Amino acid sequence: MDMFLEAWYVFRLTIAQYSELQYVLILIPFVLFLELPLYLVNWLGVLRYLYRKKNDIPWIAPYSPRVTCTITCYSEGKAVQNTVLSLLEQIYPGHIEIIAAVDGVKKNLPTYQALKELLPLVKNYANRSLTILPKIQRGGRVSSLNAGLSRAQGEVFFALDGDTSFDNQMVSSAVSHFGDPDTVAVTGPMRVRNAKSTLVTRLQSLEYMLTMQVGKLGFAQLSVINNVPGAFGVFRKSFIQKIGGWNTGTAEDLDMTLRIKQYHVRHPRLKFAFEPNAVSHTDAPESLLGFLKQRLRWDGDTWYIYANKHKFGIAASVMGWKNFIFLLWYGVLFQVIMPFSIIIYTLYMAVMLPSHIFLLSMVLVYLFYTVLVSIQYILYLVLLSDRRLEDCQAFWVLLIYPGFQFIGRTWSAVAILNQIFNKGHLDSAMAPLWVLKKGKQ
């Protein structure tokens, strides 16, 4: 204790020697101006949801149209059966048309055979149909979605991954939002199905709770939802058809979200919704290397979308001031600038401060993030979680999570640089190179 107090005293003396600008650079840069306000705004949205849930009178219109669920399949094997079965067993009273698009079927025969095994079983389910769409030429996820869209007979279109399964009320919960004619897209919570496999999956499970459940719920209440995930997105089919379906390139989920937002000024009543009861379950990378490879694509694609594909579409004149300001704040400042700020901040501290003061500073930053994440996690468990016993299992990784965040955020800078200098979006497992080169750049 005495050693800590002595180090803290030396730390204060050292700080006192710096100018006011240097003090700001050392202690404040991204925590106060970028990150903490974003958390506060997000939780304002969550509180707004909880208030509405408690005080608004629920009214659900009798709306159960035919829906189409297109599953993009590539090398899932037997695992794709879990996805199809979870759709067959939905409690939704309307017709669910399942289209399984098998990409590159000649090299993907195990997945194709696994789907064919389910055909006799489908007959046992009322108002359910399964169509297997074998694609000889591999064209990537976008081509699979567009192939499903061209054949879809449902009013509501579900874009789903072949390694994702769903709670049995997912379809009915998601479709209820489309009773409002202004709703064009819906998503819901994504949970890590293999959370118990490794430490890395446990950390990602906590990340999904705080970002894909708390984050999207809060931002949706403020009408600025950041992204409709590619693994689980629900859309009004007629609207998606009018804007031409999915585009090639990369990051098709963020691309589609931004394209819809760019209709906001012309159609100011358009809505994105987040449905807490529409729960999906997906597998996360089990190794640190797998996680880094995934984020290399995700974060590099983010830069490509912002700086290349939508550089002329990110404007208040087309997406409205609310979406524009949020995109600059969350998309540009938080996702693009902040990773470099963290690296520069850490290097600046390491060079300018004595080693023991630098270490103490890092401890203080670590404690700040640990407290912040712990508060968020506890609020999530108390106010939002519908599976508290399951979600409590993430408690013991709280002390490691700030380090995991640091790795992920500094790696984002690597991903962005890889995209800028190496065109990282062309090195993607989501589509073959020939498709990306021929697509709109």
Note on segment 349-402: residues over 30 Å from Asn277 (Cα atoms), open to solvent by less than 70 Å² (accessible area, probe 1.4 Å) and not aliphatic (A, V, I, L, M) are Pro354, Phe358, Ser361
Residues within segment 201-222 that are touching an Asp or Glu at 6+ places or on another chain (Cβ under 7 Å) and either acidic (Asp, Glu) or outside any helix (DSSP H, G or I) (or both), tallied
0
Go through segment 138-151 and count every residue that is buried (at least 21 other Cβ atoms within 10 Å of the Cβ) and in contact with a helix residue (DSSP H, G or I) (Cβ under 6 Å, 6 or more places away or on another chain).
2
So Asn227, is it open to solvent by 10 Å² or more (accessible area, probe 1.4 Å) and under 29 Å from Leu40 (Cβ atoms)
yes
So Lys135, is it touching a strand residue (DSSP E or B) at 6+ places or on another chain (Cβ under 8 Å) and surrounded by fewer than 19 Cβ atoms within 10 Å (Cβ to Cβ):
no
Just to be sure I understand the filter: pairs with C-beta atoms under 6 Å, separated by 6 or more residues or on different chains, first member in segment 233-259 and in contact (Cβ under 8 Å) with a residue 40 or more places away in the chain and closer than 16 Å to Val186 by Cβ, second member of a type in the set (Val, Ile, Thr) and not in a helix (DSSP H, G or I). Which pairs pass?
Gly233/Thr187; Val234/Val186; Arg236/Val184; Phe239/Val184; Thr257/Val228
Cβ pairs under 6 Å, 6+ apart or interchain, first in segment 379-393 and under 16 Å from His281 (Cα atoms), second of a type in the set (Ser, Thr, Tyr) and surrounded by 13 or more Cβ atoms within 10 Å (Cβ to Cβ), ordered by first then second residue, are Asp391/Ser385
Looking at the structure I just gave you, is Leu85 in a helix (DSSP H, G or I), over 19 Å from Ala147 (Cα atoms) and modelled with pLDDT of 90 or more?
yes
For the condition over 15 Å from the mean Cα position of the chain (by Cα), of a type outside the set (Val, Ile, Thr), within 30 Å of Lys196 (Cβ to Cβ) and in a helix (DSSP H, G or I), what is the one hit in Leu328, Leu289?
Leu289
Can you work out which of the residues in segment 88-115 that are hydrophobic (A, V, I, L, M, F, W, C) and not in a helix (DSSP H, G or I) is surrounded by the fewest Cβ atoms within 10 Å (Cβ to Cβ)?
Ile91
Could you look through segment 264-303, keep only residues that are free of Cβ contacts under 8 Å to residues at least 60 places away in the same chain and among the basic types (Lys, Arg), and pick out the one that is farthest from Ala413 (Cα to Cα)?
Arg266
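The values are calculated or read from the model by the stated rules, or taken from the named source; none is laboratory data. What you see is a predicted model; the values in this text were computed from it and never measured. Please note: Cβ atoms are built from the backbone with ideal geometry, for glycine as well, and neighbour counts cover all protein chains shown. Heavy atoms of the whole protein, side chains included, go into the accessibility calculation; ligands, DNA and RNA do not. Shrake-Rupley method; radii C 1.70, N 1.55, O 1.52, S 1.80 Å.
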